[in-house]
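**Q** The structure that follows is given in the form of structure tokens.
The values are calculated or read from the model by the stated rules, or taken from the named source; none is laboratory data. None of these values were measured; they are calculated from a predicted model. All Cβ positions, even for glycine, are placed from backbone atoms using ideal geometry, and neighbour counts span all protein chains on display. Accessible surface areas use protein heavy atoms only, side chains included; no ligands, DNA or RNA. Shrake-Rupley method; radii C 1.70, N 1.55, O 1.52, S 1.80 Å.
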Amino acid sequence: MAIHSAAIRWHGDLLELLDQRRLPAETVWLPVHGSDDAAAAIRDMVVRGAPAIGITAAYGLALEARRQPSPTLDNLRPAIDTLAASRPTAVNLFWALERMQQTAGQQQGDALIDALTRDAEAIHREDLAANQRMGAFGAALLPENGAVYTHCNTGALATGGHGTALGIIRTAWSQGRIQGVFAGETRPWLQGSRLTSWELLNDNIPVTLVADSTAGHLMQQGKVQAVVVGADRITANGDTANKIGTYNLAVLAHHHGIPFIVAAPVSTLDPALPDGSHIVIEERDGAEVRSIQGKTVAPAHCPVYNPAFDVTPASLISAIVTERGVIERPDRSKLLAHIHGPADGVHW
Ligand code: MRU
């Protein structure tokens, strides 16, 4: 069955990804034929954002099964390993691969191909539904008539549709609850300036783009009433890995008494890790900092430290919003109750 979202087009037997490296200047769709293509697209940032990475890995595995003369889970192990090695921090990648392996079980041949394909499609569809629920839960938390600050891109491009943090913003705007959005540009990849501002402008949601270093000044001036961000991995105690710079914003929000809200589907929760010190933080090439869109902005051999993510301790988080509801002031017992308890949206 064909499923098309903002950055992921599934045609039933072929995957196309919108090359997010080239937005907003160009709209280019790249074909993905199997696990090697999917892993390369994830590693090279053609597709990015935790849920979109998981969806891509799932389709990559389903496509790989089609390429094999006699597909079995055992024969797919190298493909699973290749996909798992593409990026380390977003747990959705590993969650999707684990779910696909459970689905595969002992099946083989056409039955296996069919089961993997149906499950990848379900992962894609379920993510959109999760984001829509998160949007409703999260919008209710935002102060009325305020402005929201967001970081990186957590929108339709980063997910199966609607978005996590940006989904909350979309829903809140549609309800007339917020006045507008400040988007941090998010160096070094500029997901904020290239992607978030583009998504919000396309939806006619008032957005003001700022350099990342402007956040403290804005809060000091009373121009931001809430910070809403996404997540790449949330550990059992609520510690949250997200795009580098998120921790800075949490400290600033705490200092200024502004709610700091994290939005992520349950597939981003990693209760197997006790706290954020166990999260593997991806380090990327220094060239990403020494240049901007191919233009050199630093001495050629200047040493660079380029972690792609940081960890915000749970103590700085006002609420985590998932499709199951809201965890206010997250801690270990609330997070585990949220995962294992009824999905009724109550505040835990
Ligand atoms: O390096 P990226 O662009 O994949 O990082 C993305 C983020 O940090 C997002 O905030 C996170 O994945 C949530 S996307 C809904």
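**Q** Just to be sure I understand, how many residues within the range 271-288 are open to solvent by less than 20 Å² (accessible area, probe 1.4 Å) and either free of Cβ contacts under 8 Å to residues at least 12 places away in the same chain or within 13 Å of the ligand (Cβ to nearest atom) (or both)? Break it down stepwise before answering.
**A** The initial filter retains those residues of the range 271-288 that are open to solvent by less than 20 Å² (accessible area, probe 1.4 Å), namely 276, 279, 282, 286.
Checking the rest, the ones that are also either free of Cβ contacts under 8 Å to residues at least 12 places away in the same chain or within 13 Å of the ligand (Cβ to nearest atom) (or both) come to 279, 282.
Summing the residues that are open to solvent by less than 20 Å² (accessible area, probe 1.4 Å) and either free of Cβ contacts under 8 Å to residues at least 12 places away in the same chain or within 13 Å of the ligand (Cβ to nearest atom) (or both) in the range 271-288 gives 2.
**Q** With the requirement that a residue be exposed (fewer than 15 other Cβ atoms within 10 Å of the Cβ) and outside any loop (DSSP other than H, G, I, E, B), what does the range 67-76 give you?
**A** Narrowing the range 67-76 to residues exposed (fewer than 15 other Cβ atoms within 10 Å of the Cβ): 67, 69-70, 74.
The one that is exposed (fewer than 15 other Cβ atoms within 10 Å of the Cβ) and outside any loop (DSSP other than H, G, I, E, B): R67.
**Q** Within the range 85-106, track down each residue that is touching a residue at least 24 places away in the same chain (Cβ under 8 Å) and open to solvent by 20 Å² or more (accessible area, probe 1.4 Å). Give the steps one after another, and end with the answer.
**A** Let us first name the residues in the range 85-106 that are touching a residue at least 24 places away in the same chain (Cβ under 8 Å), namely 85-93, 95-97, 99-101, 104-106.
Across the range 85-106, the qualifying residues are A85, P88, W95, R99, Q101, G105, Q106.
**Q** Please verify whether G49 is over 20 Å from the mean Cα position of the chain (by Cα) and not assigned by TED's automatic domain parsing to the domain that holds I281, treating the condition exactly as stated. Outline the logic, then answer.
**A** Values: over 20 Å from the mean Cα position of the chain (by Cα): no; not assigned by TED's automatic domain parsing to the domain that holds I281: yes.
So G49 does not fit the description; no.
**Q** Hey, another quick one. Given the criterion in contact (Cβ under 8 Å) with a residue 24 or more places away in the chain, away from the ligand (no atom under 13 Å from the Cβ) and outside any helix (DSSP H, G or I), identify the matching residue among L116, L141.
**A** Values: L116 fails: outside any helix (DSSP H, G or I).
Selected residue: L141, the only one of L116, L141 that is in contact (Cβ under 8 Å) with a residue 24 or more places away in the chain, away from the ligand (no atom under 13 Å from the Cβ) and outside any helix (DSSP H, G or I).
**Q** Moving to a separate point now. In this structure, is R329 at positive phi and modelled with pLDDT of 95 or more? Explain how you work it out, then say what you get.
**A** On the way: at positive phi: yes; modelled with pLDDT of 95 or more: yes.
Judged against the criteria, R329 is a match.
**Q** Looking at the range 286-344 only, could you name the residues that are small (G, A, S) and in a strand (DSSP E or B)? Steps first, answer last, please.
**A** Taking the range 286-344 and keeping what is small (G, A, S), we get 286-287, 291, 294, 298, 300, 308, 314-315, 318-319, 325, 333, 337, 341, 343.
If the condition is that a residue be small (G, A, S) and in a strand (DSSP E or B), then S291, A319, G325 are the ones that fit.
**Q** Restricting attention to the range 152-168, does a residue exist that is more than 12 Å from the ligand (Cβ to nearest atom) and touching a helix residue (DSSP H, G or I) at 6+ places or on another chain (Cβ under 8 Å)? Write out each step before concluding.
**A** So the first thing to find is which residues in the range 152-168 are more than 12 Å from the ligand (Cβ to nearest atom), and the list is none.
Scanning the range 152-168 turns up no residue that is more than 12 Å from the ligand (Cβ to nearest atom) and touching a helix residue (DSSP H, G or I) at 6+ places or on another chain (Cβ under 8 Å).
**Q** Continuing with this model, one more query. Please determine, by comparing only the residues of the range 107-121 that are touching a helix residue (DSSP H, G or I) at 6+ places or on another chain (Cβ under 7 Å) and among the polar types (S, T, N, Q), which one is surrounded by the most Cβ atoms within 10 Å (Cβ to Cβ). Explain how you work it out, then say what you get.
**A** If we filter the range 107-121 for residues that are touching a helix residue (DSSP H, G or I) at 6+ places or on another chain (Cβ under 7 Å), which is where we start, we get 107, 112-113, 115-117, 119-120.
Within this subset, residues satisfying the condition of being among the polar types (S, T, N, Q) are 107, 117.
On the way: Q107: 17, T117: 21.
My answer is T117.
**Q** Still on this structure, I have one more. Residue by residue through the range 169-189, note down the ones that are out of contact with any helix residue (DSSP H, G or I) (no Cβ under 6 Å at 6 or more places or on another chain) and within 10 Å of the ligand (Cβ to nearest atom).
**A** Matches in the range 169-189: W189 only.
**Q** Right, something else. Looking at the range 289-314, which of the residues that are more than 16 Å from the ligand (Cβ to nearest atom) and in contact (Cβ under 8 Å) with a residue 60 or more places away in the chain is surrounded by the fewest Cβ atoms within 10 Å (Cβ to Cβ)?
**A** Ranking the candidates gives P313 first.
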